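Since the structure comes first, as structure tokens, the remarks are kept for the end.
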Amino acid sequence: MVDRRDMVKALLGLPLAARKATLLGPALATLMAAQAARAEPVTIILAVAALLARYIASRNATDGGLMAMTVANHDLLMAALDKLNDIQNRLARIYQAIANLPDEIDKMLTAHEVRQFQNEITAVVIGYRELILNKDPAQPDEKWIQSASTQVRLRPLLNRLQQARQNLKVLDRQDPATALAVAPAGFVENSLLNLLQTPHKEIQNTLTSVYLDWFDAMANPKIVGSAAQYTLAATQRHNIASLAASESTIGKQLNFPAQQRNGSVEVSLGRRFDLLETRSTGLACGGLNDFTPGVEANCEPGGPPGHGGRAIKPDRTPVESDRLASVFGTPDPDEKTLLANPKLLNDNGWLVEAICRGGRAPRNGPHYRISKDVSLTEVELADTDGTPTGVMLWKFEQPPEKRFTGDGGAGGCEVVIEDANNDNDRAYNRIEQLSAFKTGDVNFAVFDKLIDQINLERARFAFGLEALSVAQTARDQLEKIIRSYG
């Protein structure tokens, strides 16, 4: 048998990034809010839902007027109902946010029946509030409550609440979204039962058998679909993804903190990076050394031997320049002209010993380089309006690549030596085709996907944890109410 109190206590007492990371102090929250974390829409929705749930839990943490619902006092009831109305409005925001979550894991949170139940409770609270607002100020509270007209108007409110509660209960739902809706319902039903002068023993039985048992089921991780099971399952998936991330190429370079394989709650979300620390590593680097090799002079044999005269070599060295000019029209004919007229050369008494093609000195151009890095830090996710949610996420990004010329940063990089003809675009385009960058893109995609999964599980954990907190604080208050009846 799972001990509910130990279960919730363990969850709410998690170290580091678990409970502590989801409940930062104001100063730290302000500091973290300046940073941004890219996150998937589902992650943001769940993180914001967790933020709202934490507010609701804080409203229930002390009686704050809710205990006043056990007495028939006009002013105290109004304060309590105002508080409940605020809670219901925030619940509406949560249900609106999670209504279209796409993942199958979160489908349990989007049930129409839960939203319908919350709407019914809201309608009851509004009707209850209107009833009290219409009370004659001159009429004593006790007399007003005992009047037949008041009793007649209270009864339909109770019936409506109980019918909605029974419709939801029969579906056997204990998920985090249900926990948020059920918590305020217990206070409203208790108040209505009390004002309708229901025997205390009957109120105690209802609160115990319906609400306390319901909250116990929500905190039981062995029940599939319970808030506790949803929360712990998130830690287990978080551990698996974290382990995979730590064993990936980039994870090893960043020394990414792997989680224990046993899925222990106590370590499942603990951080190992110092807060605000950023770790960076190279993703890929490559270069091209623009180089055109030299060519040695190459001499080929010329015409047949035995003829008088001097050798003709196409290196533009004058050979009897006046005769060359008279034959070729220039004292320095080019190689093409000489090669095209071997017979003319021989007929004029020149022996073509060799035709030499001139050499070329090597050309050393610029050394082009491209370097790509990635960075990872842990930051607090903020709502779209900039409000810190308290949920810590990994911020994984790739700064703009660095392009430069020179030999800096070439160590360990893939470098090719090719002729780029001093063309920057040609050189950089060639570098980007190197295998190092293709491999880097694959490594980035693998790690980025794991980080998204880890961040999503952290948001799920935060939402489940805060829903459990709401259920636990409501349960504690209802236990006080039960004891107050003697």
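Tell me, yes or no, whether segment 193-206 has at least one residue that is more than 29 Å from Ala111 (Cβ to Cβ) and touching a His at 6+ places or on another chain (Cβ under 9 Å). Scanning segment 193-206, I find at least one residue that is more than 29 Å from Ala111 (Cβ to Cβ) and touching a His at 6+ places or on another chain (Cβ under 9 Å), so the answer is yes. Taking the criterion of being surrounded by fewer than 16 Cβ atoms within 10 Å (Cβ to Cβ) and either of a type in the set (Lys, Arg) or free of Cβ contacts under 8 Å to residues at least 40 places away in the same chain (or both), the residues of segment 427-440 that qualify are Asn429, Gln433, Ser435, Lys438.
The condition of being over 21 Å from Gly464 (Cα atoms) and either modelled with pLDDT of 90 or more or among the hydrophobic types (A, V, I, L, M, F, W, C) (or both) does not hold for Gln174. Scanning segment 183-241 for residues that are in a helix (DSSP H, G or I) and charged (D, E, K, R) yields Glu189, Lys201, Glu202, Asp213, Asp216, Arg237.
Yes or no, residue by residue, for (1) modelled with pLDDT under 70; (2) not in a helix (DSSP H, G or I):
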| site | (1), (2) |
| --- | --- |
| Leu339 | yes, no |
| Leu344 | no, no |
| Gly349 | yes, yes |
| Ile355 | yes, yes |
| Gly365 | no, yes |
| Ser371 | no, yes |
| Val374 | no, yes |
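Taking each residue of segment 211-225 that is in contact (Cβ under 8 Å) with a residue 40 or more places away in the chain and looking for partners that are hydroxyl-bearing (Ser, Thr, Tyr) and assigned to a loop (DSSP other than H, G, I, E, B) with beta-carbon atoms closer than 8 Å, six or more apart or interchain, yields Ala217/Ser226; Met218/Ser226; Ala219/Ser226; Asn220/Ser226. Taken together, Thr384, Thr389 contain a single residue that is at pLDDT below 90, of a type outside the set (D, E, K, R) and in contact with a Leu (Cβ under 7 Å, 6 or more places away or on another chain), which is Thr389. A search for C-beta distances below 7 Å between a residue of segment 235-258 that is closer than 15 Å to Arg460 by Cα and any residue that is buried (at least 16 other Cβ atoms within 10 Å of the Cβ) and of a type in the set (Gly, Ala, Ser), counting only pairs 6+ apart in sequence or on different chains, returns Thr235/Gly263; Thr235/Ser268; Gln236/Gly263; His238/Ser268; Asn239/Gly263; Asn239/Ser268. With respect to the conditions (1) modelled with pLDDT of 80 or more; (2) within 25 Å of Leu154 (Cβ to Cβ); (3) crowded, with 17+ Cβ neighbours inside 10 Å, Asp106 falls short on a single one, namely (2). Evaluating Ala471 against the criteria (1) in a helix (DSSP H, G or I); (2) of a type in the set (A, V, I, L, M); (3) under 18 Å from the mean Cα position of the chain (by Cα) leaves one unmet condition, (3). Could you identify the single residue in Ala459, Ala410, Ala420, Ala436 that is of a type in the set (Gly, Ala, Ser), modelled with pLDDT under 90 and over 18 Å from the mean Cα position of the chain (by Cα)? Selected residue: Ala410, the only one of Ala459, Ala410, Ala420, Ala436 that is of a type in the set (Gly, Ala, Ser), modelled with pLDDT under 90 and over 18 Å from the mean Cα position of the chain (by Cα). Being among the aliphatic types (A, V, I, L, M), in a helix (DSSP H, G or I) and either loosely packed, with under 15 Cβ neighbours inside 10 Å or outside the structural domain of Leu91 (by TED's automatic domain parsing) (or both), is that true of even one residue in segment 131-146? Yes, some residue in segment 131-146 is among the aliphatic types (A, V, I, L, M), in a helix (DSSP H, G or I) and either loosely packed, with under 15 Cβ neighbours inside 10 Å or outside the structural domain of Leu91 (by TED's automatic domain parsing) (or both). Kindly indicate the residue of segment 317-337 that is of a type in the set (Ser, Thr, Tyr) and not in a helix (DSSP H, G or I) and also modelled with the highest pLDDT among those meeting that condition. Among residues in segment 317-337 that are of a type in the set (Ser, Thr, Tyr) and not in a helix (DSSP H, G or I), the one modelled with the highest pLDDT is Thr330.
The values are calculated or read from the model by the stated rules, or taken from the named source; none is laboratory data. What you see is a predicted model; the values in this text were computed from it and never measured. A quick note on method: Cβ atoms are made from the backbone with ideal geometry, for glycine too, and the neighbour counts reach across all protein chains shown.
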